[in-house]
Amino acid sequence: MNLWEQLRDWLLLVALLLASVVVMATQNRPLVRAVRAETMEWTAKIESSFAWVGRYVRAVEENDALRRRNIELSSEVARSRAVRTQNQELRRMLSLRDTSQADMIPARIVTKDITRQRNWITLDVGSTDSVAAGMPVIHESGVIGKVVLVSEHFSRVMPFLNTDFRVPATIIPIGAEGIVRWEGDQLDRLLLQHVVKTEPVSTGQQVVTSGHSDIFPPGEQIGVIDSVAVRPGRNEFRIFLRPAVKLYRINHAFVIRSLPPKERQSLEAESIP
C-alpha cells in the first residue's frame with residue numbers, strides 16, 4: 001500500500017469538514033444562528049472575565065499620569081510661594097532702606113552653612129561694592145552678623161549663630177545691658193549674659209543693640225526674651241532670647257557701610273579745630 005492510499009481517507013475527511021464549516025458559515029439557517037449566538041455568548045463571557053485586565057492597565061497609566069501632574073503642580077505652587085515670599089521680603093527691605101538713615105548695601109545670600117557651631121553666610125557683594133571686613137549685616141527683622149572676609153564680588157559673614165559672635169545689647173524698656181552670644185546648641189535660642197538680678201527682667205521684653213559696639217548701630221533688633229532663670233550662688237540672671245531673624249528662612253540682607261573705629265576716630269580728630 002502506497003502513501004496516497006494511506007492518506008486518502010484522512011484527506012477526504014478533512015475536505016468534508018472544511019466544506020461543512022464553509023456551509024455553516026455561509027448559510028443563515030436557525031441551527032447556524034443558534035450556534036453563532038451560543039458562540040458569541042461564550043466569547044462575551046470570556047472577554048468580560050478578562051476585561052478587568054485592560055481596565056487595571058488603563059487605571060495604572062491614568063494614576064501615573066495624575067501623579068506626574070500632581071508633582072508638576074506641587075513644584076509650581078512651591079516656586080510661586082518662594083517667589084511671593086522673596087517679593088514680600090524685598091518689599092520690606094526696600095521700605096527699610098528708604099526709612100533708614102544708614103548707608104546700606106543690598107545683598108543676596110548665596111550660601112548658608114548653618115550645620116555646626118561656627119556657621120557662615122556668603123553674600124554676593126564684595127570689595128567692588130565697597131564692602132569691607134568688620135561691617136555689620138542686618139535684615140529688616142534685625143541683626144544677622146558681621147563681615148569677616150571679603151573678595152572682589154563676595155563676602156563671608158559671621159552670623160549670630162556662631163559661638164565666636166558677641167554683641168552688646170540693651171533690654172527695652174528697662175535699659176539693662178548685657179552681652180548676647182550663642183551657646184552652639186539650639187538654633188532658636190540666644191543667651192544674654194551679665195544682667196544682674198536686681199533688674200526687673202521679664203519674658204516678652206525686646207533686646208536690641210546697645211550702641212556700645214564698634215560694629216552695630218544702636219537700636220537694631222536682636223531678639224525677644226523667652227525665659228529668665230535665677231542662677232543659685234550667682235548675681236546674674238540666665239536669660240534666653242528668641243532671635244528676631246530666622247536665618248534659615250531669609251534670602252537677602254543689607255551690609256551697613258560704616259567706618260572702622262580707627263578711621264572714625266581719625267576723622268573726628270581732624271574735625272576738631
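The values are calculated or read from the model by the stated rules, or taken from the named source; none is laboratory data. The shown structure was predicted, so the numbers you read here are calculated from the model rather than taken from an experiment. No Cβ is skipped: glycine too gets one built from the backbone with ideal geometry, and neighbour counts run over all protein chains shown. To get the accessible areas, we keep the full protein, side chains included, count just its heavy atoms, and leave off ligands, DNA and RNA. Shrake-Rupley method; radii C 1.70, N 1.55, O 1.52, S 1.80 Å.
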(request) Would you give the gap between the C-alpha center of segment 181-211 and the C-alpha center of segment 230-261, rounded to a whole Å? (result) 8
(request) Please give the solvent-accessible surface of Arg69 in Å², to the nearest 10, using a probe radius of 1.4 Å with every protein chain present. (result) 110
(request) List the residues whose amide H sits under 5 Å from the amide H of Ile250, counting only those 5 or more places along or on another chain, with H placed 1.01 Å from N in the peptide plane. (result) none
(request) Would you work out what percent of the accessible area of segment 103-240, with all protein chains in place, is carbon or sulfur (probe 1.4 Å)? (result) 48
(request) At most 12 other Cβ atoms within 10 Å and a DSSP loop assignment: could you name the trypsin sites (Lys or Arg not before Pro) in segment 153-210 that fit? (result) Lys197
(request) Hey, can you find the accessible area per residue of segment 139-186 for me, probe 1.4 Å, expressed in square angstrom? (result) 40
